[in-house]
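The values are calculated or read from the model by the stated rules, or taken from the named source; none is laboratory data. Treat the numbers as computed from the prediction; the structure is a model and nothing was measured. No Cβ is skipped: glycine too gets one built from the backbone with ideal geometry, and neighbour counts run over all protein chains shown. Each accessible area value is taken on the protein alone, full model and side chains, heavy atoms only, with ligands, DNA and RNA left out. Shrake-Rupley method; radii C 1.70, N 1.55, O 1.52, S 1.80 Å.
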Amino acid sequence: MAMLFTNIHQLVGTHASNAVLRATQLSHLPIIENAFLLAEDGKIKAFGPMDAIGELATNHSFQQVDCTGKLLLPAWVDSHTHLVFAGSRENEMVDKINGATYAEIAAKGGGILSSASRLQQTSEDDLFAMALARLQSVIKMGTGAIEIKSGYGLTVDAELKMLRVVKRLKQVSPIPVKASFLGAHALPTEYQQSRGAYIQLIIEKMLPAIAAEQLADYIDVFCEQGFFTVDECRAVIEAGKAIGLLPKIHANQLHVSGGVELGVSTNAISVDHLEAMDEAAIHALAGSPTIGTMLPTAAFFLRMQYPPARQMINAGCALSLASDYNPGSSPSGNMNFVVALSCIQMKMTPAEAINAATINAANALQLENEVGSIAVGKKANLLLTQKMNSINYLPYAFGENLIEQVFVNGEAV
Ligand code: NIG
Ligand code: FE
């Protein structure tokens with residue numbers, strides 16, 4: 001049934017263009033005060049100021065939603081998650097509280113490798129059921145499009161199993177889902193003495209099987225000291241590109257790794273994390289179309305420095321925000337908290353953070369024509385807030401559930 005939202009205190013994100021925003025453009029968040037919006041057949045059909053609502057107001061076939069005092073926004077776009085996983089790792093959190101570092105935990109066979117061994121022993125159906133529950137949960141919190149990675153398989157069978165789970169999620173999900181293949185996430189223990197053999201396994205066995213079943217949209221790698229080198233990552237990225245996967249990579253999380261420059265030089269759609277940036281990395285990113293995706297809940301959870309958002313905005317980088325939802329570094333897929341942290345800890349303005357988590361994130365998933373702003377013809381994936389004066393209240397009152405209702409394809413979730 002068509003739905004007519006009326007008396008919207010502020011209709012937020014009515015961008016005239018779907019282009020990615022950078023530098024001072026990022027603070028431009030168009031808002032219509034006292035607005036209406038019509039959603040029909042799952043799409044945004046019309047919107048504007050209330051005094052232009054005309055005869056729509058008296059059409060009784062529409063279900064009316066009175067939005068007095070409330071804001072209506074485009075749903076969040078979460079362009080970086082690992083939400084297919086087999087089990088939680090809260091004990092590692094306690095180890096860290098007791099002094100262990102992320103690298104020490106990884107070196108002991110914890111971290112990504114422990115998630116991989118659990119996932120290898122879990123059936124595709126069980127993984128699917130767990131991942132679907134997480135997907136439904138983040139949709140209820142306001143996520144209206146999402147990317148999901150493999151990378152907890154690390155064998156041919158288990159990586160394919162993860163990507164088949166993502167493919168099944170795509171088939172049942174009410175929101176758009178994109179899949180990234182992250183075979184180069186961590187080096188399995190049995191390859192410690194033969195790193196090249198694992199890279200070959202990715203290139204010669206995993207990628208052809210993924211191509212045959214059309215299981216991925218993007219190629220991802222973890223370019224980081226103790227994980228994969230720039231040269232290893234480049235080899236995997238080039239092989240992924242050869243089967244039509246665009247790069248979307250983990251770069252500069254723990255160290256200045258060269259990952260950003262690698263992403264830029266391979267025309268990555270995005271380079272993600274960016275906690276450890278130097279001038280050269282910022283300059284390379286700013287001068288490229290590659291989007292920098294910041295994952296502040298990972299820095300928060302790991303007690304690490306946050307990405308230098310202000311420096312990157314001032315330099316002219318195109319930036320987006322995502323949750324990194326995963327069991328090791330960000331066991332939350334709550335984009336509301338991502339936006340709040342970005343304002344509170346990275347000094348992004350609410351307008352900048354909302355743009356980064358909607359229109360720019362949609363660009364990071366090549367979904368900018370479908371989601372990420374209020375525009376006629378886009379999916380009616382929307383967030384209706386509680387009563388509040390302005391968008392500033394959203395990051396300010398962090399931790400509270402300020403989203404009263406989420407709409408996906410024009411229907412209340
Ligand atoms: O994006 N950095 C690499 N991968 C994940 C963490 C994975 C894990 O610890 O399980 C991330 O933060
Ligand atoms: Fe990640």
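Computed quantities for the displayed model
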item: Chain lengthening between residue 101 and residue 347 when straightened (0.36 nm per residue, less Cα-Cα); result: 85.9 nm
item: Beta bridge orientation in the chain: antiparallel %, DSSP, nearest 5; result: 45
item: Per-residue ³J(HN,Hα) for the stretch 200-212, Karplus 6.51 cos²θ - 1.76 cosθ + 1.60, θ = phi - 60°, Hz, x for Gly and Pro; result: 5, 4, 4, 6, 8, 10, 5, 4, x, 5, 5, 5, 4
item: √(5λ) per eigenvalue of the Cα gyration tensor, the chain, largest first, Å; result: 37, 22, 19
item: In Hz, Karplus ³J(HN,Hα) per residue of the stretch 12-22 (6.51, -1.76, 1.60; θ = phi - 60°; x = Gly, Pro); result: 10, x, 8, 5, 7, 10, 9, 5, 5, 9, 9
item: Inter-label distance for residue 256 and residue 118, nm, one decimal - labels placed 7 Å from Cα along Cα-to-Cβ; result: 3.6
item: Extension gain (nm, one decimal) between residue 2 and residue 189, 0.36 nm per residue minus Cα-Cα; result: 61.8 nm
item: Solvent exposure ordering (accessible area, 1.4 Å, most first) of 56, 285; result: 56, 285
item: Structure-based [θ]222 nm, the chain - -39500 (n - 2.57) summed over DSSP H runs of at least 4, per residue, nearest 500; result: -10000 deg cm²/dmol
item: Global geometry of the stretch 82-143, whether rounded, prolate or oblate, following the gyration tensor of its Cα atoms and the 1.5 cut on a/c; result: oblate
item: Computed label-point distance, nm, for sites residue 412 and residue 171 using a 7 Å Cα→Cβ extension; result: 3.2
item: Lys, Arg +1 and Asp, Glu -1 on Cβ, resulting dipole of the chain about Cα centre, debye, nearest 20; result: 160
item: Accessible area of the stretch 170-211 belonging to carbon and sulfur atoms, whole % at 1.4 Å probe; result: 52
item: Integer Hz, Karplus 6.51/-1.76/1.60 couplings in order for the stretch 362-374, x for Gly and Pro; result: 4, 5, 5, 10, 6, 10, 5, 8, 10, 9, x, 7, 8
item: Under 5 Å, built H, 5+ apart or other chain: amide partners of residue 257; result: 252
item: Amide proton proximity set for residue 48, modelled H, under 5 Å, gap of 5+; result: 36
item: Per residue, in Å², the accessible surface of the stretch 194-346 once ligands and nucleic acids are set aside, probe 1.4 Å; result: 33
item: Long-range HN-HN contacts of residue 320 with modeled amide H, under 5 Å; result: 292, 293, 294
item: Distance between modelled label sites at residue 267 and residue 140, nm, 7 Å Cα→Cβ extension; result: 4.3
